[in-house]
Amino acid sequence: MKKSLKLSLIAALALTVVACASTSTSLGTLRDTSVDAPDAAPADKVYAGKQPGKFALIERTFVGQPPLIPHTVENFDITPKENACLDCHIDSEFKGKKMPSLGKSHLVKGADANAAPQLNMLRWQCDSCHVPQVDAQPLVGNDFKTN
Ligand code: HEC
Ligand code: HEC
């Protein structure tokens, strides 16, 4: 091997070592803690709302938004076979009390045209779109403007 080639190989190797060393020391973190320190779990928050029936509806911030849930959802199970939310929301009335009904967008007609419309099973999992609220400060700022 020619001497000049050897020298340039050595120089390239030295540069790589220096580059790696500087990368490893400059691997920083945006947090106050080291990157490998486990995150502390956030404190448990209780739902802002209690049993349904006493809460004002939460104003929607954009057209087509799934409305936020103003009441607690504790103990309301949601499975494809049993859905506690439907007890109240399938109709505009439950046990003589007025309810916000889930409306036509969530329903499909059954095989029997005279039967009451059924829940569209694409929407059985209510809490994939509708979320209950807790009293928490936003983790990051947000300058979203409603339309
Ligand atoms: C016992 C009856 C009842 C049950 C069960 C219930 N809700 Fe409600 N829901 C209400 C009532 C009444 C309101 C109106 C606000 C209030 O008074 O709490 C409401 C409001 C809402 C709203 C707001 C509607 C709007 O137009 O802003 C959503 C969304 C909602 N509920 C979703 C759910 C989901 C999802 C579940 C199941 C996890 C559920 N609810 C279970 C009675 C009920
Ligand atoms: C795929 C998302 C999605 C799922 C799943 C879903 N919803 Fe909704 N929901 C919406 C959106 C979006 C709206 C607002 C406009 C509309 O009616 O489409 C809405 C509206 C509502 C409303 C207010 C009706 C009105 O007239 O504005 C209620 C009550 C409601 N949903 C309850 C439920 C319940 C109970 C379930 C579960 C059985 C459920 N939703 C499942 C997206 C969803």
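Here are some notes:
- Val73 among the β-branched types (Val, Ile, Thr), assigned to a loop (DSSP other than H, G, I, E, B) and near ligand 1 (Cβ under 9 Å from one of its atoms): yes
- When the stretch 99-116 is filtered for residues that are closer than 16 Å to Leu86 by Cα and surrounded by 10 or more Cβ atoms within 10 Å (Cβ to Cβ), the ones remaining, listed by number, are Met99, Pro100, Ser101, Leu102, His106, Leu107, Val108, Ala116.
- Scope the stretch 93-147; condition hydrophobic (A, V, I, L, M, F, W, C), within 12 Å of ligand 1 (Cβ to nearest atom), assigned to a loop (DSSP other than H, G, I, E, B) and free of Cβ contacts under 8 Å to residues at least 60 places away in the same chain; matching residues: Met99, Leu102, Trp124
- Taking first residues from the stretch 41-58 that are more than 19 Å from Cys85 (Cβ to Cβ) and partners that are more than 11 Å from ligand 1 (Cβ to nearest atom), the Cβ contacts under 6 Å between residues at least 6 apart in sequence or on separate chains come to Lys45/Val134; Lys45/Ala136.
- Of residues in the stretch 52-71 being over 17 Å from Ser101 (Cα atoms) and either surrounded by 10 or more Cβ atoms within 10 Å (Cβ to Cβ) or of a type outside the set (Phe, Trp, Tyr) (or both), the one farthest from the chain's Cα centre (by Cα): Val63
- Any chance Asn114 is in contact with a helix residue (DSSP H, G or I) (Cβ under 9 Å, 6 or more places away or on another chain) and of a type in the set (S, T, N, Q): no
- Test: residue in the stretch 27-34 that is modelled with pLDDT of 90 or more, polar (S, T, N, Q) and surrounded by 10 or more Cβ atoms within 10 Å (Cβ to Cβ): no
- Given (1) within 24 Å of the chain's Cα centre (by Cα); (2) among the small types (Gly, Ala, Ser); (3) within 13 Å of ligand 2 (Cβ to nearest atom), number of the condition Ser92 does not satisfy: (1)
- Here Asp87 meets each of (1) touching a Leu at 6+ places or on another chain (Cβ under 7 Å); (2) under 29 Å from Lys45 (Cα atoms) with one exception, condition (1).
- Hits in the stretch 56-91 (condition: hydroxyl-bearing (Ser, Thr, Tyr) and touching a Lys or Arg at 6+ places or on another chain (Cβ under 7 Å)): Thr72
- Restricting the stretch 64-82 to residues that are out of contact with any helix residue (DSSP H, G or I) (no Cβ under 7 Å at 6 or more places or on another chain) and within 9 Å of ligand 2 (Cβ to nearest atom) leaves a set whose member that is nearest to Ser128 (Cα to Cα) is Pro66.
- Pair list, Cβ under 6 Å, 6 or more apart: the stretch 72-92 residue farther than 15 Å from Trp124 by Cα, other residue in a loop (DSSP other than H, G, I, E, B): Thr72/Gly49; Thr72/Lys50; Asp91/Ser101; Ser92/Met99; Ser92/Ser101
The values are calculated or read from the model by the stated rules, or taken from the named source; none is laboratory data. A quick note: this is a predicted structure, and the numbers were derived from the prediction, not measured. Note that each Cβ is placed from the backbone with ideal geometry, even for glycine, and that neighbours are counted across all protein chains shown.
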